[in-house]
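Engineer: Sharing a structure with you now.
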Amino acid sequence: QEQLVESGGGWVQAGGSLRLSCAASGHIFSSHSVTWFRQVPGKEREYVAGVAWAFGRAFYADAVRGRFTISRDDTSNTVSLEMNSLKPEDTAVYFCAESPSAPPPRDQGSYFIWGQGTQVTVSS
């Protein structure tokens, strides 16, 4: 069964850092895109950052550009999201998702596999 498994969420004070990981289970990332979204209760799921697997090129939402870094690891078949200078408004459940399209689409409907989500809480 093909799955995505996120890890690395937690609690941190504003200005701190966290690293999230998304591991593929039952398949390998190949020419697809892998993207991180986040969601706050009562709001739409928001695009955060994506990587086109074949080229390693990264794309970011304006809200996180310069603070977050997405990267891929071919050996471990994982995608990581390094989050620095965290702000309280970064608090959300973070999901990774996989799409057959590249570059990483911003439309959630383009993604066919989703992880279960991991909570990130940033206190002020």
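The values are calculated or read from the model by the stated rules, or taken from the named source; none is laboratory data. Quick caveat, the model's predicted, so the values are computed rather than measured. Counting neighbours? That spans all protein chains shown, and the Cβs are built from the backbone with ideal geometry, glycine included. Remember, those area values only see protein heavy atoms, side chains included, never the ligands or the DNA or RNA. Shrake-Rupley method; radii C 1.70, N 1.55, O 1.52, S 1.80 Å.
Engineer: Checking the conditions here, which among Ser31, Ser76 is in contact with a Phe, Trp or Tyr (Cβ under 8 Å, 6 or more places away or on another chain), of a type in the set (Gly, Ala, Ser) and at pLDDT below 95?
Structural biologist: Unique residue meeting the criteria: Ser31.
Engineer: When you go through (1) loosely packed, with under 14 Cβ neighbours inside 10 Å; (2) β-branched (Val, Ile, Thr); (3) within 12 Å of Leu18 (Cα to Cα) one by one for Thr121, which number turns out not to apply?
Structural biologist: (1) is the only condition that Thr121 fails.
Engineer: Name the residue that is farthest from the chain's Cα centre (by Cα), counting only residues in the stretch 65-81 that are hydrophobic (A, V, I, L, M, F, W, C) and either surrounded by fewer than 19 Cβ atoms within 10 Å (Cβ to Cβ) or under 16 Å from Ser17 (Cβ atoms) (or both).
Structural biologist: The extreme case among them is Phe68.
Engineer: For the stretch 20-37, state whether one or more residues are β-branched (Val, Ile, Thr), touching a Leu at 6+ places or on another chain (Cβ under 9 Å) and more than 18 Å from Ala97 (Cβ to Cβ).
Structural biologist: No, there is no match, as no residue in the stretch 20-37 is β-branched (Val, Ile, Thr), touching a Leu at 6+ places or on another chain (Cβ under 9 Å) and more than 18 Å from Ala97 (Cβ to Cβ).
Engineer: For the stretch 51-63: of the residues being part of a strand (DSSP E or B) and touching a residue at least 24 places away in the same chain (Cβ under 8 Å), which is nearest to Ala102 (Cα to Cα)?
Structural biologist: Ala52
Engineer: If you check Val93, Val48, which single one turns out to be open to solvent by 30 Å² or more (accessible area, probe 1.4 Å), part of a strand (DSSP E or B) and under 19 Å from Val12 (Cβ atoms)?
Structural biologist: Matching residue, one of Val93, Val48: Val93.
Engineer: Which of (1) buried (at least 18 other Cβ atoms within 10 Å of the Cβ); (2) in contact (Cβ under 8 Å) with a residue 40 or more places away in the chain is the odd one out, the single condition Ser17 does not satisfy?
Structural biologist: Result: Ser17 fails condition (1) only.
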